Structure formats: C-alpha cells, structure tokens
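The values are calculated or read from the model by the stated rules, or taken from the named source; none is laboratory data. All figures in this text were calculated on a predicted structure; none of them were measured in a lab. Cβ: placed from backbone, ideal geometry, glycine included. Neighbour counts: every protein chain shown. Protein only, heavy atoms only, side chains kept; ligands, DNA and RNA dropped before computing areas. Shrake-Rupley method; radii C 1.70, N 1.55, O 1.52, S 1.80 Å.
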Amino acid sequence: MFRESRLSALVAHLYDAAMDPALWPGTASQLAQALGSTSTVLKLHGDGGQVSLLECTSNLVVSERDQAWADDWHRRDLWVERSVAYGMSRIITDEELVTPEEQAHSGFYQEWLCHLGIHHMLGAVFPTAPGVVGVLGIHRPRDAGTYSDLERRQAALVLPHLQRALRLGQRFAGLSHRHSVALQALDRLDSGVLVVDADGHILQASPFADTLLRQNPKQLAVIGGRLSFHHPALQGKLTALIRAALETAHGGLGTPGSAVLIPRPQQLPLALEVVPLRPASVAFGEQRPAVLIFVRDPEAPLEVARLRELFGFTRTEAAVAGALGRGQSLEVIAMQMGIGLGTVRTHLKRILSKTGTHRQAQAVVLLARCITTAAPQ
C-alpha cells in the first residue's frame with residue numbers, strides 16, 4: 001500500500017512537472033524511491049552519439065574533473081544499446097541484457113557502474129523525437145537483489161505516464177517559446193500594444209504601452225484596471241470601437257479595424273487603433289473575449305544608435321535625423337540643439353546624401369519607418 005501510494009504521487013508529480021519545468025528537479029529521486037531503488041537517470045540518446053542528461057539522482061553526479069570520462073560512458077552505455085535492440089517502451093532488467101560473464105569482465109560494469117555503486121537495473125528506452133530515444137534507468141547495488149516481477153509491473157505502470165509527461169513538457173515549452181517570441185516582437189514595435197477585454201480592462205500591456213500611459217496622463221488613464229479617456233466623447237468612441245472589434249472577431253458585422261486620434265496640447269496627437277483578436281480554440285471553458293489596441297506616438301524618439309548603424313551618420317547628424325523623424329521643423333531642431341539654422345541645413349544635406357533621398361519629406365518618411373522607436377525607460 002505504501003509503494004502504491006508513492007506511485008500515485010509520482011504519476012501526479014510527472015504531470016505537474018510537465019506544466020511547470022521548475023518541478024522537474026527531484027523527479028529522479030521520486031522515481032527511485034517509488035520503485036525501491038537507490039538511483040535513477042533520465043536522458044536522451046541521439047543517432048549521432050549525442051547524450052542529453054535530463055535528470056538524475058545526486059549520487060550519479062560526477063565531479064567536473066571526471067565529466068569527460070562520464071560523458072564517454074554515457075555514450076557507450078551498454079544497457080541502452082541492448083535495450084534498443086530488445087524493443088522500445090518495454091520494461092527490462094539487466095539480467096535480460098547481459099550475461100554474468102559480461103558483468104564480471106566488461107569495463108561498463110567494472111569501471112563505470114562500480115564507481116557509481118550500481119549493479120542491478122530496471123528501465124526502458126522509448127521514442128521521443130525523430131532520431132532520439134528517451135532512456136529511463138532505475139538502479140540499485142548488488143546486495144539489494146534483482147528486480148521482482150511486481151517491480152517490473154510497477155515500472156510498466158509509470159512508463160507511459162513519464163512518456164506523456166515528457167511530450168506535454170515539450171509542447172508546453174514550445175508554446176512558451178512562441179509566446180515569448182511574440183511578446184518580444186510586440187515590445188519592439190513602434191506602437192504601444194494593449195490587450196483589453198470587452199469592458200476595457202487591460203489584460204496585458206507592452207513596455208512601450210506602459211510608457212505611453214505614464215507619459216500622457218491627461219489623455220490616457222487606467223482607472224480600476226480599465227483603459228480610460230478623460231474626454232467623455234473619446235471614451236464613448238473607444239467603447240464603440242472595442243464592441244465593433246469583438247463582433248468582427250466572433251463573425252459579426254463590426255468594423256475590422258478602427259482608429260481614433262487623441263489630441264494633445266502643443267503636441268502631435270496620439271493615434272489609437274482597435275483591431276480584433278481572433279479567439280483561439282481552448283480545450284476547457286470559455287476564452288475571455290479581447291481585442292488588441294495599438295497606440296502610436298508620432299513624437300516618440302527614434303533610436304539614434306540604430307540610425308548611425310544604418311546610414312553612417314555622425315552623432316550630430318543622427319540627432320538631427322532623429323528629430324526630423326519625430327516631425328520637428330529645422331527651426332525647432334536648431335533651437336533645441338543650440339546651433340544655427342544654417343548648420344542644421346548643412347546636416348540635412350548630408351542626411352539626404354547618406355539616405356539616398358532628395359527631399360526633406362522623403363527623408364522624414366524613411367527615418368520614421370526604417371527603425372523602431374527608442375526602448376522605453
């Protein structure tokens with residue numbers, strides 16, 4: 001009963017670890033304890049001889065000095081080689097793989113396993129990815145005795161759960177990676193990106209969106225977690241845009257994408273666009289309806305360092321180019337930089353030459369669109 005309880009807890013742990021990689025450390029120890037053993041290894045073997053150690057008990061960890069020696073024995077693992085020939089996903093013991101003579105004379109036993117205090121093995125190899133097999137090895141010393149039929153059956157119960165947990169973990173890791181890539185891509189856009197629900201509650205905001213909210217408190221606000229406009233007419237417009245986008249996302253007749261300008265005193269207006277967020281299929285429950293909101297500030301500074309990399313500008317030319325990309329006039333640039341208007345015109349000529357443009361308007365469009373805005377502070 002005690003062993004069965006440990007096996008049930010182990011299976012539950014495997015699925016928890018599949019969803020949270022931070023729980024994988026210690027899994028090998030739980031496998032060993034649940035099956036009355038002293039050590040466990042979980043690893044991957046590739047066709048080219050590559051070995052990836054996923055998890056093992058602490059008593060199988062070698063010193064850094066001996067790591068190359070250990071890597072070599074992992075690649076030449078006699079049990080893995082014989083297990084593949086024996087059959088995939090079949091629970092086996094060392095007695096089925098090697099003869100007593102091999103145990104007595106092979107370097108694998110006498111050098112490697114003797115160093116680790118291992119003699120008996122219970123385990124399996126199983127498919128994971130093309131050209132890669134997973135390896136489960138559970139061990140104990142000679143005086144602990146061979147593995148019984150009951151222990152084989154118990155390992156056979158655990159093995160399919162281990163395989164599924166590893167597959168799920170790989171899927172979740174892939175989804176997590178794609179999610180991370182998408183978030184990083186959004187963070188590099190020259191627009192602030194918000195995900196809001198039907199009531200305007202902010203579900204997620206890019207760093208640049210947080211910066212725009214912080215820099216424009218008189219135009220945009222977050223009240224009770226909701227994106228809000230101080231001007232009542234604009235607030236009504238936002239609500240209508242969100243509703244229309246949600247209808248479009250769910251097959252309705254809403255406008256597929258709508259925008260509104262947000263006036264600012266002595267500054268160019270912010271541009272806000274609401275677009276549908278297509279609902280993803282979910283296995284359980286209802287997905288919370290949401291839309292994407294893009295907020296762009298035409299006066300956001302450009303990354304001067306990137307301008308220098310792209311066009312070979314000097315520091316001053318890059319500063320002038322960045323100001324042009326924000327829509328500033330030559331007179332304003334001269335005043336802000338504390339230089340003469342003639343000097344600014346000279347820099348403009350060099351900027352036109354280096355960008356291959358012929359008019360100031362062409363240069364402004366190129367500079368504003370060729371790179372992202374400066375990273376938010």
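The figures follow:
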item	result
ALA165 touching a residue at least 60 places away in the same chain (Cβ under 8 Å), among the aliphatic types (A, V, I, L, M) and under 26 Å from ALA12 (Cβ atoms)	yes
Test for GLY192: is it farther than 26 Å from ARG75 by Cβ, touching a residue at least 60 places away in the same chain (Cβ under 8 Å) and in contact with a Phe, Trp or Tyr (Cβ under 7 Å, 6 or more places away or on another chain)	yes
Residues being assigned to a loop (DSSP other than H, G, I, E, B), in contact with a strand residue (DSSP E or B) (Cβ under 8 Å, 6 or more places away or on another chain) and open to solvent by less than 20 Å² (accessible area, probe 1.4 Å) - total across segment 309-368	0
Spans of helices (runs of 4 or more DSSP H) in segment 11-128 with at least 3 residues of a type in the set (D, E, K, R)	67-75
Scan of segment 1-56 for residues that are open to solvent by less than 50 Å² (accessible area, probe 1.4 Å) and among the acidic types (Asp, Glu), ordered by number	GLU55
Residues satisfying the stated conditions in segment 75-116, i.e. within 21 Å of GLY49 (Cα to Cα), among the aliphatic types (A, V, I, L, M) and open to solvent by 30 Å² or more (accessible area, probe 1.4 Å)	VAL84, ALA85, MET88
Qualifying position, being modelled with pLDDT of 90 or more, in contact with a helix residue (DSSP H, G or I) (Cβ under 7 Å, 6 or more places away or on another chain) and open to solvent by 60 Å² or more (accessible area, probe 1.4 Å), among VAL274, VAL291, VAL222, VAL295	VAL222
Tally, over segment 171-188, of residues that are part of a helix (DSSP H, G or I), touching a residue at least 12 places away in the same chain (Cβ under 8 Å) and open to solvent by 70 Å² or more (accessible area, probe 1.4 Å)	1
Flag if LEU246 is in contact with a Gly (Cβ under 9 Å, 6 or more places away or on another chain) and at pLDDT 90 or above	no
Residue list for segment 189-210, restricted to those being at pLDDT below 90, buried (at least 17 other Cβ atoms within 10 Å of the Cβ) and in a helix (DSSP H, G or I)	PHE208
